[in-house]
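Below is one structure, written out as C-alpha coordinates, with a few remarks after it.
The values are calculated or read from the model by the stated rules, or taken from the named source; none is laboratory data. What you see is a predicted model, and the numbers here were worked out from it, not measured in a lab. Note that we place each Cβ from the backbone using ideal geometry, even for glycine, and neighbour counts take in every protein chain shown.
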Amino acid sequence: MITENKHLILEEGREINDKSSWRSPSNIAIIKYWGKHGVQLPRNPSLSFTLSNAHTNTTISYQRKADSNKEISLKFLFEGQRNEIFESKVSAFLEKVTPYFPFLTQLDLEISSENSFPHSSGIASSASSMSALSLGLCDIEKRLFNSFEDDNAFLNKASFISRLGSGSACRSVYPKIGVWGVHSDYSGSSDQYAIPYIEKVHEIFTSFHDDILIVSKKEKEVSSRAGHALMEGNPYAIPRYAQANSRMSELKEILESGDLSSFGTIAESEALTLHALMMCSNPSYMLIKEGTLSIINKVYQYRKADNIPLYFTLDAGPNVHLLYPQEYAVPVGQFIESELTKHCEDGKVIKDFVGMGPQKLS
Ligand code: PMV
(Lines give C-alpha, C1' and ligand atoms only; values in the text may rest on other atoms or scores of the structure.)
Protein backbone atom coordinates (compact mmCIF):
# COMPACT_ATOMS: atom_id res chain seq x y z
CA MET A 1 0.00 0.00 0.00
CA ILE A 2 1.45 3.37 -0.99
CA THR A 3 0.68 6.15 1.45
CA GLU A 4 1.35 9.86 1.61
CA ASN A 5 4.60 10.44 3.45
CA LYS A 6 5.09 13.74 5.27
CA HIS A 7 8.56 12.71 6.44
CA LEU A 8 10.13 12.90 3.00
CA ILE A 9 11.29 16.47 3.59
CA LEU A 10 14.86 17.74 3.25
CA GLU A 11 16.47 18.91 6.46
CA GLU A 12 17.67 22.48 6.64
CA GLY A 13 21.05 23.23 5.17
CA ARG A 14 21.26 20.08 3.03
CA GLU A 15 22.58 21.07 -0.40
CA ILE A 16 21.27 19.10 -3.38
CA ASN A 17 22.26 19.28 -7.04
CA ASP A 18 21.95 16.11 -9.09
CA LYS A 19 20.02 14.40 -11.88
CA SER A 20 18.26 11.14 -12.63
CA SER A 21 17.68 9.67 -16.11
CA TRP A 22 15.36 6.81 -17.03
CA ARG A 23 14.23 5.10 -20.19
CA SER A 24 10.77 3.55 -20.06
CA PRO A 25 8.88 1.72 -22.79
CA SER A 26 5.35 1.86 -24.07
CA ASN A 27 3.11 -1.19 -23.70
CA ILE A 28 0.37 -2.85 -25.72
CA ALA A 29 -2.66 -4.18 -23.87
CA ILE A 30 -3.91 -7.63 -24.81
CA ILE A 31 -6.82 -7.32 -22.34
CA LYS A 32 -7.85 -3.67 -22.53
CA TYR A 33 -8.52 -1.21 -19.72
CA TRP A 34 -11.50 0.88 -20.83
CA GLY A 35 -13.58 2.63 -18.20
CA LYS A 36 -12.40 4.16 -14.95
CA HIS A 37 -13.67 5.65 -11.70
CA GLY A 38 -12.39 7.55 -8.68
CA VAL A 39 -8.79 8.69 -8.98
CA GLN A 40 -7.76 6.81 -12.09
CA LEU A 41 -8.99 3.40 -10.90
CA PRO A 42 -9.85 0.81 -13.54
CA ARG A 43 -13.32 -0.67 -14.03
CA ASN A 44 -11.71 -3.93 -15.14
CA PRO A 45 -8.34 -5.67 -14.93
CA SER A 46 -5.96 -5.49 -17.89
CA LEU A 47 -2.80 -7.21 -19.10
CA SER A 48 -0.17 -5.88 -21.48
CA PHE A 49 3.09 -6.76 -23.18
CA THR A 50 5.84 -4.30 -22.34
CA LEU A 51 7.50 -3.04 -25.52
CA SER A 52 11.08 -2.05 -26.22
CA ASN A 53 11.75 0.23 -29.19
CA ALA A 54 8.89 2.64 -28.49
CA HIS A 55 10.20 4.37 -25.39
CA THR A 56 10.75 7.71 -23.66
CA ASN A 57 13.99 8.95 -22.12
CA THR A 58 13.48 11.41 -19.28
CA THR A 59 16.11 13.28 -17.27
CA ILE A 60 15.14 15.13 -14.11
CA SER A 61 17.74 17.64 -12.92
CA TYR A 62 17.05 18.78 -9.36
CA GLN A 63 18.58 21.41 -7.17
CA ARG A 64 17.68 22.77 -3.76
CA LYS A 65 15.57 25.92 -4.06
CA ALA A 66 17.06 29.17 -2.83
CA ASP A 67 13.76 30.22 -1.21
CA SER A 68 11.02 28.55 0.82
CA ASN A 69 8.30 29.05 -1.78
CA LYS A 70 5.95 26.01 -1.77
CA GLU A 71 5.07 26.06 -5.48
CA ILE A 72 6.33 23.46 -7.95
CA SER A 73 9.30 25.02 -9.77
CA LEU A 74 9.63 23.40 -13.19
CA LYS A 75 11.21 23.99 -16.56
CA PHE A 76 10.19 21.35 -19.10
CA LEU A 77 12.03 20.60 -22.33
CA PHE A 78 10.60 18.28 -24.95
CA GLU A 79 13.10 17.07 -27.53
CA GLY A 80 15.49 19.81 -26.49
CA GLN A 81 12.98 22.69 -26.76
CA ARG A 82 11.13 24.42 -23.94
CA ASN A 83 7.52 23.28 -24.23
CA GLU A 84 5.07 25.32 -22.17
CA ILE A 85 2.00 23.20 -22.94
CA PHE A 86 3.72 20.04 -21.67
CA GLU A 87 5.25 22.08 -18.85
CA SER A 88 1.87 23.04 -17.44
CA LYS A 89 0.58 19.44 -17.76
CA VAL A 90 3.64 18.01 -16.02
CA SER A 91 3.47 20.72 -13.39
CA ALA A 92 -0.16 19.77 -12.62
CA PHE A 93 0.91 16.11 -12.36
CA LEU A 94 3.75 17.00 -9.98
CA GLU A 95 1.32 18.93 -7.80
CA LYS A 96 -0.96 15.89 -7.73
CA VAL A 97 1.87 13.59 -6.59
CA THR A 98 3.42 16.03 -4.11
CA PRO A 99 1.70 14.32 -1.11
CA TYR A 100 3.78 11.23 -2.02
CA PHE A 101 6.98 13.25 -2.64
CA PRO A 102 6.68 16.35 -0.40
CA PHE A 103 10.33 17.24 -1.06
CA LEU A 104 9.39 18.24 -4.62
CA THR A 105 8.34 21.67 -3.39
CA GLN A 106 11.87 22.17 -2.00
CA LEU A 107 13.52 21.68 -5.40
CA ASP A 108 14.01 23.54 -8.65
CA LEU A 109 13.31 20.95 -11.34
CA GLU A 110 14.31 20.81 -14.97
CA ILE A 111 12.84 17.88 -16.85
CA SER A 112 13.97 16.98 -20.29
CA SER A 113 12.14 14.29 -22.23
CA GLU A 114 12.35 12.70 -25.66
CA ASN A 115 10.59 9.84 -27.39
CA SER A 116 12.22 7.22 -29.62
CA PHE A 117 9.26 7.61 -31.98
CA PRO A 118 8.21 10.86 -33.64
CA HIS A 119 5.80 12.86 -31.49
CA SER A 120 3.29 13.10 -34.32
CA SER A 121 3.31 9.38 -35.16
CA GLY A 122 -0.09 8.67 -33.68
CA ILE A 123 1.54 6.58 -30.95
CA ALA A 124 0.26 7.45 -27.50
CA SER A 125 3.33 8.43 -25.54
CA SER A 126 1.59 8.70 -22.16
CA ALA A 127 2.52 5.17 -21.01
CA SER A 128 6.24 5.57 -21.71
CA SER A 129 6.48 9.22 -20.66
CA MET A 130 4.51 8.97 -17.41
CA SER A 131 6.34 5.82 -16.37
CA ALA A 132 9.78 7.31 -17.19
CA LEU A 133 8.92 10.41 -15.16
CA SER A 134 7.57 8.39 -12.22
CA LEU A 135 10.64 6.15 -12.13
CA GLY A 136 12.81 9.28 -12.04
CA LEU A 137 10.80 10.72 -9.13
CA CYS A 138 11.11 7.46 -7.17
CA ASP A 139 14.82 7.40 -7.95
CA ILE A 140 15.24 10.90 -6.52
CA GLU A 141 13.36 9.82 -3.39
CA LYS A 142 15.61 6.78 -3.11
CA ARG A 143 18.78 8.84 -3.43
CA LEU A 144 17.69 11.52 -1.00
CA PHE A 145 16.03 9.36 1.66
CA ASN A 146 17.05 5.76 1.02
CA SER A 147 13.40 5.00 1.73
CA PHE A 148 12.70 1.83 -0.27
CA GLU A 149 13.02 -1.55 1.37
CA ASP A 150 13.92 -3.24 -1.91
CA ASP A 151 13.49 -3.06 -5.71
CA ASN A 152 9.95 -4.41 -5.48
CA ALA A 153 8.91 -1.54 -3.21
CA PHE A 154 10.57 0.91 -5.60
CA LEU A 155 8.74 -0.43 -8.67
CA ASN A 156 5.50 -0.67 -6.72
CA LYS A 157 5.59 3.04 -5.95
CA ALA A 158 6.75 3.89 -9.49
CA SER A 159 3.75 1.97 -10.86
CA PHE A 160 1.35 3.64 -8.42
CA ILE A 161 2.62 7.11 -9.35
CA SER A 162 2.56 6.30 -13.09
CA ARG A 163 -1.10 5.31 -12.74
CA LEU A 164 -1.94 8.77 -11.41
CA GLY A 165 -0.49 10.23 -14.63
CA SER A 166 -1.99 7.77 -17.12
CA GLY A 167 -3.71 4.51 -16.16
CA SER A 168 -2.04 2.26 -18.71
CA ALA A 169 1.41 3.68 -17.81
CA CYS A 170 1.42 1.73 -14.54
CA ARG A 171 1.98 -1.53 -16.47
CA SER A 172 5.10 -0.22 -18.25
CA VAL A 173 7.42 -0.42 -15.23
CA TYR A 174 7.64 -4.21 -15.47
CA PRO A 175 9.51 -6.35 -17.98
CA LYS A 176 7.61 -8.48 -20.50
CA ILE A 177 4.09 -8.57 -19.04
CA GLY A 178 2.27 -6.27 -16.63
CA VAL A 179 -1.10 -6.84 -14.92
CA TRP A 180 -3.22 -4.04 -13.50
CA GLY A 181 -6.49 -4.36 -11.62
CA VAL A 182 -7.80 -6.75 -9.01
CA HIS A 183 -8.42 -10.28 -10.27
CA SER A 184 -8.77 -13.37 -8.12
CA ASP A 185 -6.54 -15.46 -10.41
CA TYR A 186 -3.64 -13.03 -10.07
CA SER A 187 -2.25 -13.03 -6.60
CA GLY A 188 -1.25 -9.57 -5.35
CA SER A 189 -3.13 -7.78 -8.14
CA SER A 190 -4.45 -4.33 -7.30
CA ASP A 191 -6.41 -1.45 -8.76
CA GLN A 192 -3.84 0.95 -7.28
CA TYR A 193 -0.80 -0.29 -9.22
CA ALA A 194 0.32 -2.92 -11.67
CA ILE A 195 2.20 -6.06 -10.74
CA PRO A 196 4.74 -8.05 -12.74
CA TYR A 197 3.44 -11.24 -14.34
CA ILE A 198 4.82 -14.03 -12.20
CA GLU A 199 2.92 -16.95 -13.70
CA LYS A 200 4.45 -19.44 -16.13
CA VAL A 201 4.78 -18.07 -19.67
CA HIS A 202 5.38 -20.20 -22.75
CA GLU A 203 8.63 -19.12 -24.39
CA ILE A 204 6.86 -18.23 -27.64
CA PHE A 205 5.44 -15.13 -25.93
CA THR A 206 8.71 -13.90 -24.48
CA SER A 207 10.04 -12.83 -27.89
CA PHE A 208 6.73 -11.82 -29.45
CA HIS A 209 6.76 -9.10 -32.06
CA ASP A 210 4.50 -6.06 -32.18
CA ASP A 211 4.88 -4.09 -35.41
CA ILE A 212 2.95 -0.85 -35.22
CA LEU A 213 1.43 0.23 -38.54
CA ILE A 214 0.90 3.99 -38.49
CA VAL A 215 -2.36 4.51 -40.37
CA SER A 216 -2.61 8.11 -39.21
CA LYS A 217 -0.15 10.41 -37.49
CA LYS A 218 -2.85 12.85 -36.44
CA GLU A 219 -3.77 13.29 -32.84
CA LYS A 220 -7.01 11.36 -32.27
CA GLU A 221 -10.25 13.35 -32.27
CA VAL A 222 -11.53 11.96 -28.95
CA SER A 223 -9.09 11.62 -26.05
CA SER A 224 -8.78 8.45 -23.95
CA ARG A 225 -9.92 10.51 -20.99
CA ALA A 226 -13.23 11.34 -22.76
CA GLY A 227 -13.53 7.73 -23.96
CA HIS A 228 -13.17 6.31 -20.43
CA ALA A 229 -15.78 8.80 -19.20
CA LEU A 230 -18.28 7.72 -21.88
CA MET A 231 -18.15 4.15 -20.54
CA GLU A 232 -20.13 5.40 -17.52
CA GLY A 233 -23.35 5.63 -19.59
CA ASN A 234 -22.57 2.82 -22.01
CA PRO A 235 -25.35 0.17 -22.02
CA TYR A 236 -22.76 -2.57 -22.57
CA ALA A 237 -20.40 -1.47 -19.79
CA ILE A 238 -21.37 -4.10 -17.21
CA PRO A 239 -21.15 -7.12 -19.54
CA ARG A 240 -17.90 -5.71 -20.92
CA TYR A 241 -16.28 -5.58 -17.47
CA ALA A 242 -17.43 -9.17 -16.82
CA GLN A 243 -15.97 -10.24 -20.17
CA ALA A 244 -12.58 -8.67 -19.37
CA ASN A 245 -12.57 -10.50 -16.04
CA SER A 246 -13.24 -13.90 -17.55
CA ARG A 247 -10.73 -13.27 -20.35
CA MET A 248 -8.03 -12.56 -17.76
CA SER A 249 -8.55 -16.14 -16.51
CA GLU A 250 -8.54 -17.61 -20.03
CA LEU A 251 -5.44 -15.65 -21.02
CA LYS A 252 -3.50 -16.93 -18.03
CA GLU A 253 -3.92 -20.50 -19.30
CA ILE A 254 -3.14 -19.49 -22.87
CA LEU A 255 0.07 -17.69 -21.90
CA GLU A 256 1.22 -20.88 -20.19
CA SER A 257 0.21 -23.33 -22.92
CA GLY A 258 1.36 -21.22 -25.90
CA ASP A 259 -1.99 -21.73 -27.67
CA LEU A 260 -1.53 -19.07 -30.36
CA SER A 261 -4.91 -19.42 -31.97
CA SER A 262 -6.76 -18.80 -28.68
CA PHE A 263 -4.36 -15.95 -27.93
CA GLY A 264 -5.15 -14.33 -31.29
CA THR A 265 -8.89 -14.80 -30.84
CA ILE A 266 -8.80 -12.92 -27.54
CA ALA A 267 -6.38 -10.21 -28.73
CA GLU A 268 -8.44 -9.42 -31.83
CA SER A 269 -11.77 -9.52 -30.05
CA GLU A 270 -10.42 -7.16 -27.35
CA ALA A 271 -9.41 -4.67 -30.04
CA LEU A 272 -12.76 -4.85 -31.85
CA THR A 273 -14.70 -4.72 -28.58
CA LEU A 274 -12.82 -1.57 -27.54
CA HIS A 275 -13.80 0.16 -30.77
CA ALA A 276 -17.35 -1.23 -30.68
CA LEU A 277 -17.72 0.32 -27.22
CA MET A 278 -16.73 3.68 -28.70
CA MET A 279 -19.23 3.28 -31.52
CA CYS A 280 -22.11 2.55 -29.17
CA SER A 281 -21.37 5.18 -26.52
CA ASN A 282 -23.42 8.36 -26.40
CA PRO A 283 -22.25 10.42 -28.25
CA SER A 284 -20.84 7.70 -30.45
CA TYR A 285 -17.53 8.09 -32.22
CA MET A 286 -15.20 6.15 -34.42
CA LEU A 287 -11.40 6.18 -34.36
CA ILE A 288 -10.69 3.47 -36.93
CA LYS A 289 -10.04 4.62 -40.49
CA GLU A 290 -10.31 2.99 -43.91
CA GLY A 291 -6.66 1.96 -43.71
CA THR A 292 -7.31 0.22 -40.39
CA LEU A 293 -10.05 -1.92 -41.95
CA SER A 294 -8.01 -2.66 -45.08
CA ILE A 295 -5.12 -3.90 -42.94
CA ILE A 296 -7.40 -6.03 -40.74
CA ASN A 297 -9.01 -7.68 -43.77
CA LYS A 298 -5.62 -8.42 -45.32
CA VAL A 299 -4.43 -9.95 -42.03
CA TYR A 300 -7.48 -12.24 -42.03
CA GLN A 301 -6.79 -13.33 -45.61
CA TYR A 302 -3.05 -13.81 -45.08
CA ARG A 303 -3.56 -15.88 -41.96
CA LYS A 304 -6.02 -18.14 -43.73
CA ALA A 305 -4.03 -18.52 -46.93
CA ASP A 306 -0.55 -18.93 -45.46
CA ASN A 307 -1.49 -20.49 -42.11
CA ILE A 308 0.76 -18.01 -40.27
CA PRO A 309 -0.23 -16.99 -36.71
CA LEU A 310 -0.40 -13.26 -37.37
CA TYR A 311 -2.91 -11.33 -35.26
CA PHE A 312 -3.80 -7.69 -34.76
CA THR A 313 -4.75 -5.47 -31.89
CA LEU A 314 -5.62 -1.79 -31.66
CA ASP A 315 -5.13 0.99 -29.14
CA ALA A 316 -7.64 3.79 -28.79
CA GLY A 317 -6.74 5.01 -32.29
CA PRO A 318 -6.51 3.97 -35.95
CA ASN A 319 -3.03 2.40 -35.88
CA VAL A 320 -2.75 -1.37 -36.09
CA HIS A 321 -0.45 -3.47 -33.90
CA LEU A 322 0.57 -6.74 -35.53
CA LEU A 323 1.38 -9.51 -33.08
CA TYR A 324 3.32 -12.61 -34.10
CA PRO A 325 6.05 -14.98 -32.89
CA GLN A 326 9.70 -14.39 -33.68
CA GLU A 327 9.99 -17.40 -36.00
CA TYR A 328 7.66 -15.72 -38.55
CA ALA A 329 9.55 -12.41 -38.62
CA VAL A 330 10.83 -12.85 -42.20
CA PRO A 331 7.60 -13.77 -44.02
CA VAL A 332 5.54 -11.30 -41.97
CA GLY A 333 8.09 -8.56 -42.71
CA GLN A 334 7.71 -9.27 -46.45
CA PHE A 335 3.92 -9.28 -46.18
CA ILE A 336 3.94 -5.92 -44.37
CA GLU A 337 6.26 -4.43 -46.97
CA SER A 338 4.35 -5.67 -50.00
CA GLU A 339 0.74 -5.41 -48.79
CA LEU A 340 0.33 -3.21 -45.74
CA THR A 341 2.67 -0.21 -45.80
CA LYS A 342 0.54 1.27 -48.61
CA HIS A 343 -2.19 1.80 -45.97
CA CYS A 344 0.20 3.60 -43.61
CA GLU A 345 0.80 7.35 -43.56
CA ASP A 346 4.15 7.88 -45.33
CA GLY A 347 4.58 4.09 -45.22
CA LYS A 348 5.44 4.37 -41.52
CA VAL A 349 5.88 1.17 -39.46
CA ILE A 350 7.51 0.92 -36.01
CA LYS A 351 8.96 -2.53 -35.45
CA ASP A 352 8.81 -3.52 -31.84
CA PHE A 353 8.81 -6.59 -29.58
CA VAL A 354 8.30 -7.69 -25.99
CA GLY A 355 11.02 -5.99 -23.95
CA MET A 356 12.83 -6.07 -20.66
CA GLY A 357 11.21 -3.01 -19.10
CA PRO A 358 12.63 0.32 -17.98
CA GLN A 359 16.31 1.07 -17.70
CA LYS A 360 18.16 3.52 -15.54
CA LEU A 361 20.38 5.67 -17.75
CA SER A 362 22.51 7.39 -15.13
O1 PMV B 1 -4.01 5.00 -20.07
P2 PMV B 1 -5.06 5.68 -20.86
O3 PMV B 1 -5.99 6.48 -20.03
O4 PMV B 1 -4.49 6.45 -22.02
O5 PMV B 1 -6.02 4.55 -21.51
C6 PMV B 1 -5.54 3.68 -22.48
C7 PMV B 1 -6.47 2.59 -22.73
C8 PMV B 1 -6.09 1.64 -23.85
O9 PMV B 1 -4.82 1.93 -24.40
C10 PMV B 1 -7.11 1.76 -24.98
C11 PMV B 1 -6.11 0.21 -23.35
C12 PMV B 1 -5.02 -0.17 -22.41
O13 PMV B 1 -5.29 -0.94 -21.49
O14 PMV B 1 -3.86 0.26 -22.60
Single match in A132, A127, A158 (criterion: among the hydrophobic types (A, V, I, L, M, F, W, C), farther than 30 Å from D67 by Cβ, buried (at least 23 other Cβ atoms within 10 Å of the Cβ) and in contact (Cβ under 8 Å) with a residue 24 or more places away in the chain):
A127
What number of residues within the stretch 35-72 are closer than 21 Å to I238 by Cβ and under 19 Å from the mean Cα position of the chain (by Cα)?
11
So which residues in the stretch 308-335 are charged (D, E, K, R) and within 28 Å of M279 (Cα to Cα)?
D315
Going by the structure shown, is S184 out of contact with any helix residue (DSSP H, G or I) (no Cβ under 6 Å at 6 or more places or on another chain), closer than 26 Å to A92 by Cβ and without any contact (Cβ under 8 Å) to a residue 60 or more places away in the chain?
no
Scan E232, E270 and give me the residue that is assigned to a helix (DSSP H, G or I), within 16 Å of the ligand (Cβ to nearest atom), touching a residue at least 12 places away in the same chain (Cβ under 8 Å) and farther than 23 Å from H321 by Cβ.
E232
With respect to Y300, determine if the residue is modelled with pLDDT of 95 or more and within 29 Å of A242 (Cβ to Cβ).
yes
Suppose the filter is crowded, with 20+ Cβ neighbours inside 10 Å and touching a His at 6+ places or on another chain (Cβ under 8 Å); does D139 pass it?
no
Note on the stretch 247-265: residues crowded, with 20+ Cβ neighbours inside 10 Å and either closer than 21 Å to L293 by Cα or among the charged types (D, E, K, R) (or both) are R247, F263, G264
With the requirement that a residue be under 26 Å from T59 (Cβ atoms) and acidic (D, E), what does the stretch 343-358 give you?
D352
Of the residues R247, R225, which is within 16 Å of the ligand (Cβ to nearest atom) and over 19 Å from the mean Cα position of the chain (by Cα)?
R247
Yes/no for F312 being surrounded by 15 or more Cβ atoms within 10 Å (Cβ to Cβ) and out of contact with any Leu (no Cβ under 7 Å at 6 or more places or on another chain):
no
Restricting to the stretch 112-165, count the residues that are over 16 Å from P196 (Cα atoms), within 14 Å of the ligand (Cβ to nearest atom) and of a type in the set (S, T, Y).
5
Which count do you get for residues in the stretch 288-311 that are at negative phi and either of a type outside the set (A, V, I, L, M, F, W, C) or touching a Ser or Thr at 6+ places or on another chain (Cβ under 9 Å) (or both)?
15
The residue that is nearest to M286 (Cα to Cα), considering only those in the stretch 296-316 that are within 16 Å of the ligand (Cβ to nearest atom) and assigned to a strand (DSSP E or B), is L314
Checked the stretch 1-32 for anything at pLDDT 90 or above, in contact with a helix residue (DSSP H, G or I) (Cβ under 6 Å, 6 or more places away or on another chain) and closer than 21 Å to L164 by Cβ; matches are E4, L8, I9, S20, W22, S24, P25, S26, N27, K32
Checking G181 against (1) modelled with pLDDT under 95; (2) among the small types (G, A, S); (3) in contact with a strand residue (DSSP E or B) (Cβ under 6 Å, 6 or more places away or on another chain), the condition it does not meet:
(1)
Among the listed residues M286, M279, which satisfies the condition of being surrounded by fewer than 19 Cβ atoms within 10 Å (Cβ to Cβ), under 22 Å from E219 (Cα atoms), touching a His at 6+ places or on another chain (Cβ under 8 Å) and modelled with pLDDT of 95 or more?
M286
Over the stretch 11-56, the set of residues under 29 Å from E114 (Cβ atoms), away from the ligand (no atom under 16 Å from the Cβ), surrounded by fewer than 24 Cβ atoms within 10 Å (Cβ to Cβ) and of a type outside the set (D, E, K, R) is I16, N17, S20, S21, S52, N53
Quick one: which residue in S187, S216 is away from the ligand (no atom under 14 Å from the Cβ) and buried (at least 16 other Cβ atoms within 10 Å of the Cβ)?
S216
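Conditions (1) closer than 24 Å to E219 by Cα; (2) at pLDDT 95 or above, marked per residue:
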site	(1), (2)
P99	no, yes
L107	no, yes
I111	yes, yes
S120	yes, no
A127	yes, yes
G136	no, yes
F154	no, yes
Filtered residue count, the stretch 48-81, keeping only those that are closer than 21 Å to N17 by Cβ and out of contact with any strand residue (DSSP E or B) (no Cβ under 6 Å at 6 or more places or on another chain)
8
